[in-house]
Amino acid sequence: MGEILDRLDWSNMAKDEMIWDLSQLVESTDPVSVQKKLDSMVTEAEKIRSKYHGKISGLDSKDLLEILKLKDSFILRFDGALLYCRLMYSANSTDATAKQLNDAADGAMVRVGQALIFIDLELGGLLVNKPSLTADPVLGEYRHYLERISRRVPHMLSETEERLVISKDKNGINAWQTLQSDWLSTRTFELIVKGKKIMLPYGRIVGYYQNPNRDLRKRSNQAVYEGLGKDELVWASAIRSVCEDHVRMCELRKHPSPMNQSLIDNDVDQQTVDGLMRAIAKHVALYQKYLRLKAKLMGIPKLANYDVVAPLPKAPETNYAWTEARKEVVNAYMEFDKEIGGWVDEMYERRHIDGEVRKGKASGAFCAPWLSGKSAYVLQSFNAKMGDVYAQAHELGHAVHDYLASRAQNPSNCETGSCIAETGSIFGELLLTERLLSKAKTTEERQAILATVLDEFGMAAFQVSARVFFEQSMYDAIKHGKFLDGETVAKLWVAARNKIYGDSVEWLDAMKWEWTMKLHYYLANYRFYNYPYVFAQLFVFALYRLYKEQGKSFVPKLKGLLAAGSSKSPRELASDLGYKITEETFWEKGMKQADEFINILEETVRPKQKPKPRH
Ligand SMILES: [Zn+2]
C-alpha cells in the first residue's frame, strides 16, 4: 500500500480543482451543438418507435434481445449530453445558457418518454403470454430486468382505468399532498433568540434543532410542534385520505398487503422485510444503550428528544482544506482496495467533483452516474467541516458503485433500487471513520467521530423503524374500521415511537404531533418509503462486520456485489455472500458492528483504573 500512497502528490492544488469539468461529457460545449445532440436523440427515439411499436407482443427471444440491446445503446449514446445539461444547471441555476439547456433536456426527455413508453407496456403483455422468456438463456443478461417487469404486470389495470386513475389522482391524493406541503411551508413560528422575539418559517426554525444551546433546541421544538398540533384537522384529513385511498387502490390492483407495491418497487419480498423488522424489534435495547451513553457524554441524566442527534458539547471544530479532505477520503478507500482508491482519486484528478460554494448552486450533495463514461460526477458545497468530508466519502462511494456497475452491466441493469443503492456510500463512510479514528489525537475528537456515526445509524436503523411500525399501524387501524382523527393518529405514532425508545428518552408532550410534518407520509403513490433506509443501514453495517472478520478476502465479494448493479435482487446478492437475508443471523452481524462502536465509545468515558498504592 505504501508505494501507491507515496506516489500521490497532494501539493500544487489550485482552487479550480474544486470546480468540475463538464466538457468531457460532450463532443463540443457549444450550446448549438448540444441542442443538436438533444434533437437527434428525439429523432432516434421516434425511429425506434416506428420500427417496433405494436410488434413486441409477437417477438421471440432473439428479436427481444435485439430491442433490449437497442434501448441500452440508445441510453449510452445520449447520456453524456443529457448529463451535461442537468449538471450545468445544478451547478449554476442562474446561468442563462444552463437554464436554456436544462429546459431543452426536459423537453427532449418528455418526447423520448412518450415515444418509448410502449416498450415496457408491450413487454409486460409479452411476458404475461410467454412467462418462460424470463428463464430463456438467450436473454440471460436481462433475466432479472424481465423478472422485475413481470412482477408488476398482475397489478396493472386496463389502459382506460390507468388513465382514469391518473386524472382523478390529480385533484385527489396529489392535492392532499400539495396541501400538506403548502400548509407546512407557510406556517411561521415564534422564537426568542438572544432576548429578541423573531418569527420564523418552518424551513428556518428547524435549523435550531442542532444548535449547541440546549434551551434553544428545546424551545424551537416546542414552538414547532405546539404550532403544528393546532392544525391537527388539516394533517389528519390529509394523512387519512392518502392512506384510505391506498387501501382502496390495493384492493383494485389485487395487492395482498399495503406494503406490496413498495416491495415490488424495491425489489424485495415480505419475508425479507419481516426478518429485518424482527431484528430491529429484538435489538432496541442496543440503541437505548447508546442513547443512555450519549446522555452521560452530554452530562445530563437522560436525553430529551431534542438531544438525540444534537452535537456533543465538547466536540472539537476541526477544519479540513480541500486537499486534506481528498487525502483522507482517497486513503480511506485505498486502504480497502487499490483499484477502488485509484478510481476515487481519479474523480478528483479528472475534476469530476464540484465542491465550490457558490450562489445558484443546488443544495445538498449528490452523485450522478455517467454510464457511457464508466464514471460519475459529484456535487457538494464544501465548507471544510468534518460533515463535508463525510459527505464527500459518501458521494464517492456512490461513484465507486457506478465505476463497478457500469463496467460489468448494461444500462438496464444499472437501476439499483433503494435497498442496495446506498451500499457503496455508507460503506465508504465507515472506511473514513476507521481512518479518522486511527488518526484522532484527543478523546473528544474520537467521541465526536463515533457519535456522528452512531447518531446516523440510530436514526436510519431505529428511528426510521418507528415510522415503519407507525405506517403499518395506520393500515391495521383502517382495516379494523377505526376513524383516523388527529388524536388517534398521534396515539399510533407515540406507540410506535415508544416501541423503539422505551424510557431512554424524555419527550415533550407536543412531540406526539411529529408525524404531521413528515412529507413522505403524504406522498401520493409512494407508501412505505421508510424500510429501505433501515435495510441499507443495517445491510452495510453487516457487510462491514464481515470485512472486519474476513479481512482482505472480503474485498472481491464487496466489489462483486457492487458490480452486479440491479442484475440481481438484494436477496440473491446476500446469498452470494453465503447469507439468507430472510433470517435474523445476517442482520445480527450489523447489530454486532454497532455494538462494537458503542463499546469503543464507552471506553472513552470509563474512568481509568488507578494503579493500586504500594505498601
Ligand atoms: Zn447516498
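A compact table of results
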| read-out | value |
| --- | --- |
| Alpha-carbon centroid distance for the pair region 488-560 / region 72-116, whole angstrom | 34 |
| Cα-based Rg / Dmax (Å) for region 327-432 | 13.1, 38 |
| Amide H partners (placed H, <5 Å) of Ser566, local residues excluded | Cys414, Glu415, Thr416 |
| Net charge, Ala115 excluded, C-beta distance under 12 Å - Lys, Arg +1, Asp, Glu -1 | +3 |
| Probe 1.4 Å - accessible area at Met199, Å² to nearest ten | 110 |
| Extension reserve of the Asp503-Glu584 stretch, reckoned as 0.36 nm per residue once the Cα distance is removed | 26.6 nm |
| Accessible-area order (highest first, 1.4 angstrom probe) of the listed residues Thr442, Thr134 | Thr442, Thr134 |
| Computed [θ] at 222 nm, helices only, for the chain once each DSSP H run of length n ≥ 4 contributes -39500 (n - 2.57) | -20500 deg cm²/dmol |
| Separation in nanometres of the label points that stand 7 Å from Cα toward Cβ, at Thr94 and Glu190 | 3.6 |
| 1.4 Å probe accessible area per residue over the chain, in Å² | 46 |
| Under-5 Å amide H pairs with Gly172, H placed in peptide plane, nonlocal only | none |
| Cα centroid of region 125-196 to Cα centroid of region 244-306, whole Å | 21 |
| Percent of beta bridges antiparallel (DSSP, the chain, rounded to nearest 5) | 75 |
| Fraction of accessible area attributable to carbon and sulfur, the chain (%, probe 1.4 Å) | 53 |
| Label-point separation in nm, Ile75 to Glu603, each point 7 Å along Cα→Cβ | 4.5 |
| Label zone at Asp120, where the point sits 7 Å out along the Cα-to-Cβ direction: region 532-572 residues whose backbone N lies under 17 Å | 566-567 |
| Taking all pairs of distinct alpha-carbon atoms in the chain, Kirkwood radius in angstrom | 26.7 |
| Accessible heavy-atom area order of Arg152, Arg219, Arg111, Arg497, highest first, probe of 1.4 Å | Arg111, Arg152, Arg219, Arg497 |
| Debye-sum result for region 422-521 in log10 I(q)/I(0), which assumes one identical scatterer on each alpha carbon, at q = 0.10, 0.15, 0.16, 0.25 Å⁻¹ | -0.42, -0.75, -0.80, -1.28 |
| Nearest-10 value in Å² for the accessible area of Ile117, using the 1.4 Å probe | 100 |
| Thr416, Thr272, Thr94, Thr29, ranked by accessible area, largest first (probe 1.4 Å) | Thr94, Thr29, Thr416, Thr272 |
| Convex hull volume per residue in cubic angstrom - Cα atoms of region 184-338 | 236 |
| Alpha carbon convex hull of region 56-121, volume per residue in cubic angstrom | 75 |
| Accessible surface of Glu395 - all protein chains present, 1.4 Å probe, nearest 10 Å² | 20 |
| Distance (nanometres) between label positions extended 7 Å along Cα→Cβ at Lys552 and Lys36 | 5.2 |
| Space enclosed by the convex hull of the alpha-carbon atoms of region 253-393, per residue, Å³ | 234 |
| Axial C-alpha extent at least 27 Å, average Kyte-Doolittle at least 0.5 - helices from the chain (DSSP) | 96-129 |
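The values are calculated or read from the model by the stated rules, or taken from the named source; none is laboratory data. Predicted model only: the values in this text are computed from it and were never measured. Cβ sites come from the backbone with ideal geometry, for glycine too, and all protein chains shown count toward neighbours. To get the accessible areas, we keep the full protein, side chains included, count just its heavy atoms, and leave off ligands, DNA and RNA. Shrake-Rupley method; radii C 1.70, N 1.55, O 1.52, S 1.80 Å.
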